[in-house]
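Below is one structure, written out as structure tokens, with a few remarks after it.
The values are calculated or read from the model by the stated rules, or taken from the named source; none is laboratory data. Just so you know, these numbers come straight off a predicted model, no measurement behind them. Here the Cβ is made from the backbone with ideal geometry for all residues, glycine too, and neighbour counts use every protein chain on show. The accessibility values were calculated without ligands, DNA or RNA, using every heavy atom of the protein model including side chains. Shrake-Rupley method; radii C 1.70, N 1.55, O 1.52, S 1.80 Å.
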Amino acid sequence: MLVIHTDQTGEVTQKDLDKARQAARDIDKPGSQIKAIVSVMMLREGRDVRNVSVVLGLRPFTAKAEILPEQVIGRGLRLMTGVGPDRTQTLEVLGTRNLLNVLREQLEAEGVGVTTTTSEPPRPVIIAPMPDRLAYDIAIPLTKPHLIHNERKFSTLDPPAFEAIYDQADLEEAFQINLKMEFATTDTKVHQADLAAGTVPMAQDLLRSITNNVLQRAKLPTAFAKIYPLVRTYVATRCFGKMVDVDSEAVRTHLRRLELQEGIARYLARKVAALTVETRTIEFEQADFQLSSTKPFSWRRNLPPLEANRTVFNYMATYNDFERRFAQFLDAAPDVLRFASLGTTEQGESSTLFRIGYLKPSGAIGFYYPDWVAVQRAEQGEVN
């Protein structure tokens, strides 16, 4: 959740300005963690966030409002990236009756079909373990993280021994964009110009940006002081195959290229992870946790909920019809003694916290949260 505060004129407050700029640059990237933006008087013209699928309008949207409904909805009408032309892209709009009425009138005048519904979505159900079903309880030992970054190993990293990922020949001239304008009908060149690049950032600013990118990818938010010198040494001595002067303007014009920064950060994050991640012996956080200790949690998906017989819970936390059929299969399987759907997205609320650590391709330590647990009858006894 990204919350951006604005003042009474709709301008982003100074303390949120950097955060808003960063979000505008990164929110459409596949690795962005932001799923929702909350703002006041901000989503007007010029906000080019493409991957928007839901717009929830909370303003009254009267005729006196400074922000027109069509401006707000326009934020969600850009085509999403990474979606093939054979897929239908849908924008879901929720809001006041006045907002929906104005939208219908304006969009239908433009030939855009609009469908609305006045029925409320189904109310959530509460999923909880049942005292009379303890025969179907399942023990899940909760473990401590077994993958860690050993920060004491940062000092052993040797950037000059890393691989070169770019060619120094690319740095011989300052990077600039050349704009050519042609008359398409006759293929005649009309004009040609180099786009003004503006002030080139200082080397420390560019290296700081790359370092922050490494830390974000490797999930090491507190290691800036240790990683920054490694980044500077690598860029200056090895990244381009030879020594380069990172303070020269020609080199800095290249270092500010986003694709080059991304490439360096991606490579270094993987190297840092490979050399500093340690696997610990499995230790238990709580060795005797039982599903019957799960706290009640609310569930809004795939309603009405499915009831099953061989589970300790009153309902099955299924996300879709496929999972519902899977639960029915388990409930009817003669060799499945008991099972449960864990409602992974609600594990923080329910305190189940059953997770398995793994190393992501980016170099970050991630956690996989299993959706299901089952106990099966086998020749050697019960198998979890």
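Structural remarks
- Unmet criterion (only one of (1) under 22 Å from residue 371 (Cα atoms); (2) among the aliphatic types (A, V, I, L, M); (3) open to solvent by 50 Å² or more (accessible area, probe 1.4 Å)) for residue 274: (1)
- Total residues in the range 238-255 satisfying the condition of being over 18 Å from residue 167 (Cβ atoms) and either outside any helix (DSSP H, G or I) or under 30 Å from the mean Cα position of the chain (by Cα) (or both): the figure is 1.
- Of everything in the range 115-136 that is open to solvent by 50 Å² or more (accessible area, probe 1.4 Å) and of a type in the set (A, V, I, L, M, F, W, C), the residue that is nearest to residue 318 (Cα to Cα) is 126.
- Hits in the range 292-332 - residues which are among the charged types (D, E, K, R) and open to solvent by 80 Å² or more (accessible area, probe 1.4 Å): 295, 300, 301, 307, 321, 325
- Set side by side, the residues 269, 265, 287, 274 differ, and just one is at pLDDT below 90, farther than 30 Å from residue 379 by Cα and small (Gly, Ala, Ser), which is 274.
- Residues within the range 212-247 that are touching a residue at least 40 places away in the same chain (Cβ under 8 Å) and hydroxyl-bearing (Ser, Thr, Tyr), tallied: 3
- Restricting attention to the range 256-265, the residues that are assigned to a helix (DSSP H, G or I) and not hydrophobic (A, V, I, L, M, F, W, C) add up to 4.
- Residue within the range 280-288 that is surrounded by 13 or more Cβ atoms within 10 Å (Cβ to Cβ) and farther than 24 Å from residue 214 by Cβ present: yes
- Residue within the range 323-339 that is in contact with an Asp or Glu (Cβ under 9 Å, 6 or more places away or on another chain), in contact (Cβ under 8 Å) with a residue 40 or more places away in the chain and not in a strand (DSSP E or B) present: yes
- Flag for residue 165 being surrounded by 14 or more Cβ atoms within 10 Å (Cβ to Cβ), touching a helix residue (DSSP H, G or I) at 6+ places or on another chain (Cβ under 9 Å) and at pLDDT 90 or above: no
- Restricting the range 1-22 to residues that are under 19 Å from the mean Cα position of the chain (by Cα) and touching a residue at least 12 places away in the same chain (Cβ under 8 Å), the residue that is most open to solvent (accessible area, probe 1.4 Å): 1
- Subset of the range 193-231 (residues that are open to solvent by 80 Å² or more (accessible area, probe 1.4 Å) and either in a helix (DSSP H, G or I) or modelled with pLDDT under 75 (or both)): 194, 195, 196, 204, 208, 216, 225, 226
- Strands (runs of 3 or more DSSP E) fully within the range 266-316 counting 1 or more residues that are of a type in the set (D, E, K, R) and touching a residue at least 12 places away in the same chain (Cβ under 8 Å): 277-279, 284-286
- Residue in the range 28-35 that is modelled with pLDDT under 80 and among the hydrophobic types (A, V, I, L, M, F, W, C) present: no
- Beta carbons closer than 7 Å, at least 6 apart along the sequence or on distinct chains, pair a first residue in the range 359-384 that is open to solvent by less than 70 Å² (accessible area, probe 1.4 Å) with a second that is among the acidic types (Asp, Glu) and modelled with pLDDT of 85 or more for 375/382.
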